[in-house]
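One structure is given below, encoded as structure tokens.
The values are calculated or read from the model by the stated rules, or taken from the named source; none is laboratory data. Source: prediction; values computed, not measured. Cβ: placed from backbone, ideal geometry, glycine included. Neighbour counts: every protein chain shown. Ligands, DNA and RNA are excluded from the accessible area calculation, which covers all protein heavy atoms including side chains. Shrake-Rupley method; radii C 1.70, N 1.55, O 1.52, S 1.80 Å.
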Amino acid sequence: MAKQKTLHDAFYETLKDVYYAEKQSVKALKKSAKAAEHAELRQAFETHAEESAQQVERLTQVFEIIGKPARAKTCEAMQGIVSEMEEDLEDFAETPAADAVLAACAQAVEHYEIARYGTLKTWAGQLGYADAAKLLDETLQEEKKTDARLSEIAEAINAAGTAGDDTEASNGKGSKKAA
Ligand SMILES: [Fe+2]
């Protein structure tokens, strides 16, 4: 009979997923920092790339806490977001909407991470890993802060970018602040 899978298994699998996703996001952020025109946007990408490297480190600590090897499992969701970002980078390179598109892609990454870290933090608490829950919450708060910062910057960029321009591309998808 197949072994019953537990919440502990789900926790470990999701941890491997986000470990992969976080490493991908460090690369994507560095790429985005190079591509960004707007100084504050570039700065936000650079800052979060450093933070994300720290977040990867925190994940290795969580693996240690649960006594499992730190392994990455391909996260197709993050791969998809990153390949959309690369496509957008090509399609919108050198256009007035380039920065807005970059910010929007970065927010898609953040939202994925927020979903994952929120789940992992809750599960860690339920499984009795209080220290892991604390580490995951630290990261979760950084992701939320980054998302809010990107919203602010995107709004500023789009306000500047849409002056005298009524095309749809400069309306800044993903730049709306959550209510
Ligand atoms: Fe992250």
Item to complete: Provide the per-residue ³J(HN,Hα) series for the range 142-151, in order, calculated from phi with Karplus coefficients 6.51, -1.76, 1.60 and θ = phi - 60°, each as a whole number of Hz, with x at glycine and proline positions.
Response: 5, 5, 5, 5, 4, 4, 5, 5, 5, 4
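Quick one: dipole size for the chain, taken about the Cα centre, charges +1 on Lys/Arg Cβ and -1 on Asp/Glu Cβ, in debye to the nearest 20. List each step's numbers first, then the result.
Working: 22 positive and 33 negative charges, 216 e Å.
Roughly 1040 debye, rounded to the nearest 20.
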Item to complete: Calculate the spin-label point distance for Ile66 paired with Glu37, positioning each point 7 Å from the Cα along the beta-carbon direction, and give it in nanometres.
Response: 4.4 nm
Worksheet item: What angle do you read, to the nearest 10 degrees and between 0 and 90, between the alpha-carbon axis of helix 7-35 and the longest principal axis of the chain?
Response: 30 degrees
Item to complete: Can you tell me the order of 154-160, 91-97 when each peptide is scored by its average per-residue count of other Cβ atoms within 10 angstrom, highest first?
Response: 154-160, 91-97
Discussion item. Starting from the 7 Å offset along Cα-to-Cβ, what nm value, one decimal, do you get for the label separation of Lys5 and Glu86?
Written reply: 2.8 nm
Worksheet, complete the sentence: Rg/Rh over Cα atoms for the chain, Kirkwood Rh, comes to 1.04
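I need the calculated FRET efficiency for the pair Ala130 and Ala156, taking r as the beta carbon distance and R₀ as 35 Å, to the nearest 0.05.
Numbers: r = 40 Å, r/R0 = 1.13.
Calculated transfer efficiency: 0.30.
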Worksheet item: In nm, to one decimal, how far is the Gln54 label point from the His111 one, both placed 7 Å along Cα→Cβ?
Response: 2.6 nm
Worksheet item: Under 28 Å Cα-Cα from Lys134, which lysines qualify once same-chain neighbours fewer than 8 residues away are excluded?
Response: Lys5, Lys16, Lys23, Lys27, Lys30, Lys68, Lys73, Lys121, Lys144, Lys145, Lys177
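With a 1.4 Å probe and all protein chains in place, put Leu127, Leu140 in order of accessible area, largest first. Working shown, then result.
Values: Leu127 55, Leu140 10 Å².
So the residues, ranked largest to smallest area, are Leu127, Leu140.
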